[in-house]
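Working notes for the structure below.
The values are calculated or read from the model by the stated rules, or taken from the named source; none is laboratory data. Given the structure is predicted, the values throughout are model-derived calculations rather than measurements. Because the Cβ atoms are built from the backbone with ideal geometry, glycine has one as well, and the counts that use them run over all protein chains shown.
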Amino acid sequence: MRMYKSFSLAILITLIFSTPAQAEIPASFSFTGSGYGHGVGMSQIGAKARALAGESATAILNYYYKDVVIAPIIDTQTIRVNIGHALHTAAFVSATPDSQIQIFAGDIGAATDVLPLLTFSSKQKATFRMQGNVATSGVLKGTSFTIRWVGASTVLTFSQPGTSTRYKYGQMQIKVVKGAMEVTNSLSIHDEYLWGISEVPSAWPAAALEAQVIASRSYALSKIDVLKPSCDCHVYSHISDQNFAGYSKEIEPKIGLLWKAAVVRTNIDSTTSLAVLSKGKAIAAYFFSSSGGATQSTQDAWGQPTSYTQSVSDTAGLDPKVNPRFATWSASAVQSLVATAFLLPDIVSLEIISRNSAGAVTYIKGTASDGATKLLRGDTFRSRVKIPSPYFNLVS
């Protein structure tokens with residue numbers, strides 16, 4: 001009996017000391033790095049530095065995009081910009097004296113022989129709400145509406161939860177998609193759309209503004225052939241594509257007209273403007289704020305090669321005088337955000353697996369407490385955990 005007890009105790013001791021302790025699950029992870037954005041294409045901080053050094057917009061663009069020409073192209077197409085995604089309420093009003101807002105049934109395009117269902121005068125608000133699978137406004141019910149405003153000087157304010165933005169050009173559409181409203185602004189790429197792009201400060205050097213205009217026009221033209229059903233749009237008005245602020249950009253105090261003038265300088269005539277072309281077609285001219293010393297190619301960042309994005313030196317982003325916020329940065333991400341990024345229940349450790357020649361993280365590995373591991377591209381990780389750039393290091 002005594003031998004049996006001794007033997008049982010020995011087994012228990014062995015089990016206690018041989019069972020691996022469960023790895024500690026950190027509450028958060030810390031990072032340091034440089035730059036802001038994905039690092040592909042034109043660096044906006046780099047473009048500013050080059051403009052200050054006397055380079056032209058064409059020289060700046062030819063530096064950041066390879067095997068391209070900067071040349072005129074027809075740009076009178078109408079682009080549909082998503083300005084309100086998956087909304088359950090949306091409101092439209094104009095404070096312009098003697099103005100009118102007209103509501104039409106369906107998506108009527110450029111048709112002029114259709115009568116409005118309702119007309120709202122100045123300061124009368126048209127509010128749409130979702131009820132079941134239809135959008136309603138007073139007696140109106142439907143899944144698709146067109147909104148126009150009458151008067152050359154009329155400015156429309158579009159409000160959605162948390163924000164209001166002013167628009168002057170084109171017309172708007174409301175379409176119900178998967179039980180919510182998609183609100184879009186349809187307008188001409190040539191001038192109206194570009195006037196509202198808000199990617200860089202309007203007070204920047206003229207050449208940097210012109211380079212941004214040409215890049216933004218090229219990007220828009222590259223997207224014009226596909227209308228995405230999920231947003232009823234060609235492009236979004238935010239970081240998914242490029243930031244479009246509507247008339248709010250043009251009327252910035254003192255400096256708004258500087259941006260509009262830069263757009264006009266890149267127009268050749270009423271139907272053509274300068275764009276970045278490869279084999280005669282406008283390229284998806286990706287751009288970003290600043291890098292960690294060199295740009296990435298699309299192959300490095302997203303695994304999709306393009307001839308016109310190659311890694312080039314981009315040291316301006318590391319200069320705190322030029323890039324005071326992101327020459328160097330520190331950031332953290334909570335456990336839940338990191339785990340969700342990897343689609344794992346939790347993350348106990350991170351490991352940088354590889355970097356590209358630009359210094360950006362190409363792949364990072366996450367390990368869960370149950371031993372499961374997953375790899376993510378560096379830029380995917382950057383985007384999901386909301387840190388400034390893929391040019392980062394882990395803080396142990």
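Considering only residues that are part of a loop (DSSP other than H, G, I, E, B) and either under 20 Å from TRP195 (Cα atoms) or among the small types (Gly, Ala, Ser) (or both), which ones fall in segment 63-80? Give the steps one after another, and end with the answer.
Taking segment 63-80 and keeping what is part of a loop (DSSP other than H, G, I, E, B), we get 65-68, 75-77.
ASP75, THR76, GLN77, listed by residue number.
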- [ ] Search segment 231-271 for residues being in contact (Cβ under 8 Å) with a residue 12 or more places away in the chain, in a loop (DSSP other than H, G, I, E, B) and within 16 Å of the chain's Cα centre (by Cα), and hand back the single one that is surrounded by the most Cβ atoms within 10 Å (Cβ to Cβ).
- [x] GLY246
TODO: State all residues of segment 183-196 that are buried (at least 24 other Cβ atoms within 10 Å of the Cβ), outside any helix (DSSP H, G or I) and not hydrophobic (A, V, I, L, M, F, W, C); if no residue qualifies, say none.
DONE: THR184, ASN185, GLY196
- [ ] Enumerate the helices (runs of 4 or more DSSP H) found wholly within segment 290-396, keeping only those where 2 or more residues are more than 25 Å from SER278 (Cβ to Cβ) and in contact with a helix residue (DSSP H, G or I) (Cβ under 9 Å, 6 or more places away or on another chain).
- [x] 335-342, 378-385
Open item on the list: Among the residues of segment 347-358, are any out of contact with any Ser or Thr (no Cβ under 7 Å at 6 or more places or on another chain), under 30 Å from ILE73 (Cα atoms) and buried (at least 16 other Cβ atoms within 10 Å of the Cβ)?
Closed with: no
- [ ] Any residue in segment 119-138 that's under 17 Å from GLN100 (Cα atoms): show its pairings with residues that are of a type in the set (Lys, Arg) at Cβ separation under 8 Å, as long as the two are six or more apart or on different chains.
- [x] SER137/ARG129
TODO: Please verify whether segment 62-79 includes one or more residues that are closer than 30 Å to GLY162 by Cα, modelled with pLDDT of 95 or more and surrounded by fewer than 21 Cβ atoms within 10 Å (Cβ to Cβ).
DONE: yes
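Search segment 280-289 for residues being out of contact with any strand residue (DSSP E or B) (no Cβ under 6 Å at 6 or more places or on another chain) and outside any loop (DSSP other than H, G, I, E, B), and hand back the single one that is surrounded by the most Cβ atoms within 10 Å (Cβ to Cβ).
Filtering segment 280-289 for residues that are out of contact with any strand residue (DSSP E or B) (no Cβ under 6 Å at 6 or more places or on another chain) and outside any loop (DSSP other than H, G, I, E, B), the one surrounded by the most Cβ atoms within 10 Å (Cβ to Cβ) comes out as PHE288.
Out of ARG129, ARG166, I need the residue that is at pLDDT 95 or above and under 24 Å from GLU252 (Cα atoms). Which one?
Numbers: ARG129 fails: under 24 Å from GLU252 (Cα atoms).
The conditions single out ARG166.
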Task: So SER56, is it modelled with pLDDT of 95 or more and surrounded by 14 or more Cβ atoms within 10 Å (Cβ to Cβ) - done: yes
Task: Within segment 108-173, strands (runs of 3 or more DSSP E) holding 3 or more residues that are at positive phi - done: none
Open item on the list: Going residue by residue through segment 294-316, is there one that turns out to be more than 21 Å from the chain's Cα centre (by Cα) and outside the structural domain of GLY37 (by TED's automatic domain parsing)?
Closed with: no
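Could we say that LEU221 is assigned to a helix (DSSP H, G or I), under 18 Å from the mean Cα position of the chain (by Cα) and of a type outside the set (Gly, Ala, Ser) here?
Numbers: assigned to a helix (DSSP H, G or I): yes; under 18 Å from the mean Cα position of the chain (by Cα): yes; of a type outside the set (Gly, Ala, Ser): yes.
For LEU221, the condition - assigned to a helix (DSSP H, G or I), under 18 Å from the mean Cα position of the chain (by Cα) and of a type outside the set (Gly, Ala, Ser) - is met.
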